[in-house]
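Notes follow the structure.
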Amino acid sequence: MSSWSDINALYQVYPRSFQDTNGDGTGDINGITQHLDYIATVADAIWLSPLYQSPQKDFGYDISSFVAFAPEYGTMSDFEALVAKAHARGLKVFMDLVPNHTSDQHEWFTQSRSSRNNSKRDWYVWRDPIDGHEPNNWVSMAGGKSWEYDAVTGQYYLHSWLKSQPDLNWQNPAVREAIADIMRFWLTRGVDGFRVDAVWVLAKDPDYRDDELQPGGDAGAYSGYRHTMCRNGEQLGEYIAFMADVANEQGGLLVLEYYSTPEFGDSFPQLYALQSVRKNCTTFFFDPLNWPLTAQAFGDGIAAYIAGLPVGTIPVICFGNHDQPRMVSRYGGEAQARLLAMLEFTLPGVPCVYNGDELGMENGSIPPGQGRDGFGGTGIMAGRDPERTPMQWNGTKNAGFSVGTPWLPVHSQYKTHNAASESDDSVSVLALYRALFTLRAQSVAWGRGTFAVLGYGNNILAYERAFNGATYTVYSNFNDYEHSIELGGTAICSSLLVTGINGATGHYVLAPFESIIVKKGNQQ
Ligand code: NOJ
Ligand code: CA
């Protein structure tokens, strides 16, 4: 049976943008297989964003069959080859599980909408109009209202995201069993676990009562409401336990996508509650995405989160994904992104690297009319194309992503930031990620060691990791200017990979945003 402590780093592949092998401009399964050796230099597990059959209104998060692949991505035998080759290299494979909704093209929904008496009617959430309007005031995270009127049967259906993504009715045990069967289908084909999409909306108020409008809130915007009804229903823990138990039948692991919300109190207890549900289940730790880039904010925040972690739980630490601006762009530069990579790999938790962040990729600029993301301005995740531009493999046409026309434009920085040139550059961002992954794999102190914040004076964050006689201190300069420190040990890595850092002792001048690892003692 595997456990989260077996994983040193998780790598998120966004398949559509990873590698196109047949010139149609769209990444595919064989493209992932082609780069397994590359992935294995920075991670030992892969999470594949959805490859399933889909009309691609939300690029795979709108699924029309959970057990077949979109033809543009490839076939079951392509996938079986991917899993076999990944496992042969020691890479675990996680699928994306999207239990909250399907595409409106899924056969379950076409049946459900066909008549009020259909056996699948109650697999989705259907309600009568109230005074000719929506059944309640809920708004969608993709923009607009959460209800769509369907003239065929004269009722509204619920969609927490796009109107082409109807919500499944998790109160119906048949729906839960259907999701369990899908999980078993993939576990039987060798996958090691699932990243579970958007779990906060799985359980809702059973009576579908209105959310409360914030004082002065915009009634048309997601941010206008206190979302106490449309999410975090009482049965959420029960539903997570159900999926965790199904995964556990075959030793599978789960990592939940869960964004905390103040309506349910402090953030950390919300995460702890989900992390405590089952041993094979953890959550992403997204909170730092909202913190200012200061040593105090990170020091206090991380110390408090780690101190309260339920015993034995291991969070998955995440500074970027396909819904978030690129690290370099969010934090204002490459030096800052390197500092965050140091934190990600040296904190207690599994680092999750979004493909391209290990190259220092920036947000792409999308020319007018070439945007592809259907999520709109009043939702919570609008305009995600910039972080989805194609992987930058080399300096040739289209960065080596495709010989055809890429589905999104390649970022012009590919000439300087690409896997080929960075592989040959000993101080590149890629070299840093490789060094950090190697370090993590070399010492159990990173996965299992104690954690203590030593201080954050002068805006320099210092924390210590220790295990069995090996002690590491990580110093991170959150200032945009130099600052000198006393090392108290031997430096073994710098986020800037400066020449000569290895073996440095005593007085050391940290460059702006530089982060370094210092080792005390001799044991691993
Ligand atoms: C969260 C996913 O990460 C995002 O990309 C998707 O659009 C929504 N959930 C809906 O599935
Ligand atoms: Ca292709």
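The values are calculated or read from the model by the stated rules, or taken from the named source; none is laboratory data. No experiment lies behind these values; they were computed from the predicted model shown. Every residue, glycine as well, gets a Cβ built from its backbone with ideal geometry; the counts of neighbours run over all protein chains shown. For accessibility, only protein heavy atoms count, side chains too; no ligands or nucleic acids. Shrake-Rupley method; radii C 1.70, N 1.55, O 1.52, S 1.80 Å.
Scanning the range 356-388 for residues that are crowded, with 18+ Cβ neighbours inside 10 Å and within 16 Å of ligand 2 (Cβ to nearest atom) yields a count of 1. Scanning the range 287-324 for residues that are within 16 Å of Thr346 (Cα to Cα) and touching a Cys at 6+ places or on another chain (Cβ under 8 Å) returns Val316, Ile317, Cys318.
The numbered conditions (1) at positive phi; (2) touching a helix residue (DSSP H, G or I) at 6+ places or on another chain (Cβ under 8 Å) are all true for Val353 except (1).
Could you name every one of the strands (runs of 3 or more DSSP E) located completely within the range 87-166 that has at least 1 residues being under 32 Å from the mean Cα position of the chain (by Cα), away from ligand 2 (no atom under 16 Å from the Cβ) and surrounded by fewer than 20 Cβ atoms within 10 Å (Cβ to Cβ)?
Details: elements: 92-97, 147-150, 155-158.
So the answer is 147-150.
Quickly run through the range 303-336 and pick out the residues that are assigned to a helix (DSSP H, G or I) and open to solvent by 10 Å² or more (accessible area, probe 1.4 Å). Step through it out loud before you land on a result.
Step one: filter the range 303-336 for residues assigned to a helix (DSSP H, G or I), giving 303-308, 327-330, 334-336.
Within the range 303-336, Ala303, Ala304, Ile306, Ala307, Gly308, Val328, Ser329, Arg330, Glu334, Ala335, Gln336 meet the criteria.
Checking the range 30-37 against the condition returns no match, with no residue being within 16 Å of ligand 1 (Cβ to nearest atom) and modelled with pLDDT of 95 or more.
Listed residues Asp167, Asp122, Asp192; which is among the charged types (D, E, K, R) and over 20 Å from Ser64 (Cα atoms)? Walk me through how you get there before you give the answer.
Details: Asp167 fails: over 20 Å from Ser64 (Cα atoms); Asp122 fails: over 20 Å from Ser64 (Cα atoms).
The unique qualifying residue is Asp192.
Screening Arg209, Arg195 for residues that are open to solvent by 60 Å² or more (accessible area, probe 1.4 Å) and basic (Lys, Arg) leaves exactly one candidate, Arg209. In this structure, is Thr21 within 16 Å of ligand 2 (Cβ to nearest atom), farther than 21 Å from His101 by Cα, open to solvent by less than 20 Å² (accessible area, probe 1.4 Å) and modelled with pLDDT of 95 or more? No; evaluated as a whole, the condition is false for this residue.
Does Phe268 qualify as being open to solvent by less than 10 Å² (accessible area, probe 1.4 Å), over 15 Å from the mean Cα position of the chain (by Cα), at pLDDT 95 or above and outside the structural domain of Ala142 (by TED's automatic domain parsing)?
Values: open to solvent by less than 10 Å² (accessible area, probe 1.4 Å): no; over 15 Å from the mean Cα position of the chain (by Cα): yes; at pLDDT 95 or above: yes; outside the structural domain of Ala142 (by TED's automatic domain parsing): yes.
When the stated conditions are applied, Phe268 does not pass them.
Candidates are the residues of the range 36-53 that are surrounded by fewer than 19 Cβ atoms within 10 Å (Cβ to Cβ) and not hydroxyl-bearing (Ser, Thr, Tyr); the one that is nearest to ligand 2 (Cβ to nearest atom) is Leu36.
Per-residue answers, yes or no, for (1) within 13 Å of ligand 1 (Cβ to nearest atom); (2) in contact with a Ser or Thr (Cβ under 7 Å, 6 or more places away or on another chain):
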position	(1), (2)
Pro55	no, yes
Asp62	yes, yes
Ser65	no, no
Met76	no, no
Glu80	no, no
Val93	no, no
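Got at least one residue in the range 59-73 being free of Cβ contacts under 8 Å to residues at least 40 places away in the same chain, open to solvent by 40 Å² or more (accessible area, probe 1.4 Å) and either farther than 22 Å from Ser402 by Cα or in contact with a helix residue (DSSP H, G or I) (Cβ under 9 Å, 6 or more places away or on another chain) (or both)? Please lay out each step first, then the result.
Kept after step one, since they are free of Cβ contacts under 8 Å to residues at least 40 places away in the same chain, are these residues of the range 59-73: 68, 70-71.
Now restrict to residues that are open to solvent by 40 Å² or more (accessible area, probe 1.4 Å): 71.
Within this subset, residues satisfying the condition of being either farther than 22 Å from Ser402 by Cα or in contact with a helix residue (DSSP H, G or I) (Cβ under 9 Å, 6 or more places away or on another chain) (or both) are none.
Within the range 59-73, not a single residue is free of Cβ contacts under 8 Å to residues at least 40 places away in the same chain, open to solvent by 40 Å² or more (accessible area, probe 1.4 Å) and either farther than 22 Å from Ser402 by Cα or in contact with a helix residue (DSSP H, G or I) (Cβ under 9 Å, 6 or more places away or on another chain) (or both).
Report yes if Phe284 is touching a strand residue (DSSP E or B) at 6+ places or on another chain (Cβ under 7 Å), outside the structural domain of Arg465 (by TED's automatic domain parsing) and among the aromatic types (Phe, Trp, Tyr), otherwise no. Write out each step before concluding.
Values: touching a strand residue (DSSP E or B) at 6+ places or on another chain (Cβ under 7 Å): yes; outside the structural domain of Arg465 (by TED's automatic domain parsing): yes; among the aromatic types (Phe, Trp, Tyr): yes.
Yes; evaluated as a whole, the condition is true for this residue.
Yes/no per residue for (1) closer than 20 Å to His35 by Cβ; (2) of a type in the set (A, V, I, L, M); (3) outside the structural domain of Thr21 (by TED's automatic domain parsing):
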{"position": "Gln370", "(1), (2), (3)": "no, no, no"}
{"position": "Met381", "(1), (2), (3)": "no, yes, no"}
{"position": "Lys397", "(1), (2), (3)": "yes, no, no"}
{"position": "Gly400", "(1), (2), (3)": "yes, no, no"}
{"position": "Val403", "(1), (2), (3)": "yes, yes, no"}
{"position": "Val410", "(1), (2), (3)": "yes, yes, no"}
{"position": "Asp424", "(1), (2), (3)": "yes, no, no"}
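The single condition from (1) acidic (Asp, Glu); (2) surrounded by fewer than 19 Cβ atoms within 10 Å (Cβ to Cβ); (3) assigned to a helix (DSSP H, G or I) that Glu422 fails is (2). Is it true that Ser276 is open to solvent by 10 Å² or more (accessible area, probe 1.4 Å), within 16 Å of ligand 1 (Cβ to nearest atom) and without any contact (Cβ under 8 Å) to a residue 40 or more places away in the chain? Here the answer is no, as Ser276 does not meet what is asked.
When you look at Ala198, is it without any contact (Cβ under 8 Å) to a residue 60 or more places away in the chain and among the small types (Gly, Ala, Ser), yes or no? Before you say what the answer is, go through the steps one by one.
Values: without any contact (Cβ under 8 Å) to a residue 60 or more places away in the chain: no; among the small types (Gly, Ala, Ser): yes.
So Ala198 does not fit the description; no.
Does the range 104-113 contain any residue that is in contact with a helix residue (DSSP H, G or I) (Cβ under 7 Å, 6 or more places away or on another chain) and away from ligand 1 (no atom under 15 Å from the Cβ)? Looking for residues that are in contact with a helix residue (DSSP H, G or I) (Cβ under 7 Å, 6 or more places away or on another chain) and away from ligand 1 (no atom under 15 Å from the Cβ), one finds at least one in the range 104-113, hence yes.
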